[in-house]
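To start, the structure itself, in structure tokens.
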Amino acid sequence: MTRLKFWGVRGSIPTPGPGTVRHGGNTSCVEVRHGDDIIILDAGTGLRALGSALLAEFKNRPLNLTLLVTHTHWDHIQGLPFFAPIYNPRCRLRILGAPGTRDSLVSALTGQMESTYFPVPFAKVPGNIEIEEIQDFNFNIGAVQVRAQRSNHPGLCFGYRLFSPDSLIVYFPDSEPRAGGEDKEMLEFIRDADVLILDSQYDAAEYQTHVGWGHGCLDDSVALALKAGVRRLCLFHHDPDHDDKKIDGFLRRARRIVAKRKSKMKVDAAREGMTIELPEKFGR
Ligand SMILES: [Zn+2]
Ligand SMILES: [Zn+2]
């Protein structure tokens with residue numbers, strides 16, 4: 001069985017407050033478990049609470065984690081200095097991500113712990129941390145086959161496909177599909193996913209003033225997922241200006257489009273704490 005849990009679902013910047021309590025205000029972080037393999041997708045501020053939960057669960061047992069970073073924009077890395085397992089010498093954390101375009105992945109991740117920004121320098125962190133830039137787009141983490149693909153987002157940003165023996169999960173948090181729902185490369189990458197976690201930051205009107213910002217629009221996300229035969233779509237990377245009510249509206253619209261097309265695709269708006277177990281039992 002593969003289990004997926006959302007720890008941060010917001011894009012751009014954390015948004016705590018009464019308007020976002022239901023979906024949550026932390027930035028991108030998703031946990032995927034298959035057997036003993038623990039894979040973390042992105043290190044946004046949601047990573048902090050995941051760290052506390054892992055330490056409470058594992059206590060004194062060694063912790064072996066793999067973190068896949070899509071890119072080094074703030075909302076995908078800021079949780080790392082606050083991830084308690086890195087302060088535990090029993091923790092082994094392997095971080096993989098897109099090669100830096102300006103500075104290396106190492107300097108982007110550790111630079112945010114320099115004294116200008118943070119009190120503890122990376123060199124003083126007692127956990128065993130390895131940071132690697134992905135050169136080969138196909139690799140394995142335990143029994144999970146991973147494929148990386150470049151997404152259409154400023155700088156170098158990856159989406160990830162996790163193919164475990166029982167499921168296919170695709171994570172595409174920051175991506176503006178080329179040609180809307182007709183992006184051929186993206187369609188191939190997300191085809192037949194059991195779960196697709198996809199950037200759906202804007203509505204159609206907002207998208208008009210954000211073309212080229214590297215984020216998706218709800219209608220395009222739904223069109224892509226339908227075309228690719230995805231079983232379950234999770235709207236993700238919620239805009240910081242969108243409160244729970246607005247996100248509810250996104251979800252209603254998405255479900256209306258799916259119903260009109262007479263598709264069985266499930267749609268959810270990702271929210272903190274939401275879990276999905278795979279394979280899912282459909283039709284019950
Ligand atoms: Zn982002
Ligand atoms: Zn970004």
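Bear in mind these aren't lab numbers, they're just calculated from the coordinates by the rules spelled out. Because the structure is predicted, anything quoted here is derived from the model rather than measured. Please note: Cβ atoms are built from the backbone with ideal geometry, for glycine as well, and neighbour counts cover all protein chains shown.
A few remarks follow.
- Distance between the pseudo-spin-label points of residue 143 and residue 52 (7 Å out from Cα toward the beta carbon): 3.2 nm.
- Taking Cα atoms only, the orientation of helix 218-227 departs from the longest principal axis of the chain by about 80 degrees.
- Pairwise centroid distance, computed over Cα atoms, of region 1-78 with region 135-155, Å: 18 Å
- Rounded to whole Hz, the Karplus (6.51, -1.76, 1.60) HN-Hα couplings of region 75-85, x for glycine and proline: 5, 10, 10, 5, x, 4, x, 9, 8, 3, x
- Relative to the longest principal axis of the Cα atoms of the chain, the long axis of helix 244-260 lies at roughly 50 degrees.
- Residue 92/residue 166 FRET efficiency (R0 25 Å; Cβ-Cβ; nearest 0.05): 0.50
- Reachable lysines from residue 262, criterion Cα separation under 19 angstrom, eight or more residues apart if same chain: 227
- Comparing 105, 55, 65 in a Gaussian network model of the chain where C-alpha atoms under 10 Å apart are linked, the largest mean-square fluctuation is found at 55.
- Contour excess over end-to-end distance, with Cα ends at residue 118 and residue 133 and 0.36 nm allotted per residue: 3.0 nm
- Farthest toward positive dipole pole in the chain [+1 Lys/Arg, -1 Asp/Glu at C-beta], among 50, 73, 112: 50
- Two-site FRET efficiency, residue 208 against residue 256, from Cβ-Cβ distance with R₀ of 22 Å, rounded to 0.05: 0.60
- Its residue count N fixes a reference of 2.2 N^0.38 Å for region 21-82, and the Cα radius of gyration divided by that reference is 1.12.
- Helix-derived mean residue ellipticity, 222 nm - over the chain, DSSP H n ≥ 4, -39500 (n - 2.57), to 500: -6000 deg cm²/dmol
- Check: region 131-284 dipole with +1 on Lys, Arg Cβ and -1 on Asp, Glu Cβ, in debye: 1040 debye
- Loop sites in region 94-171: chymotrypsin sites (Phe, Trp or Tyr not before Pro), DSSP, at most 16 other Cβ within 10 Å: 117, 137
- Pairwise Cα inverse-distance average, inverted: Kirkwood Rh of region 113-263 (Å): 17.0 Å
- Relative compactness, the chain, computed as alpha-carbon Rg over 2.2 N^0.38 Å: 0.95
- Acute angle (nearest 10 degrees) that the helix 47-58 long axis makes with the longest principal axis of the chain, alpha-carbon atoms: 60 degrees
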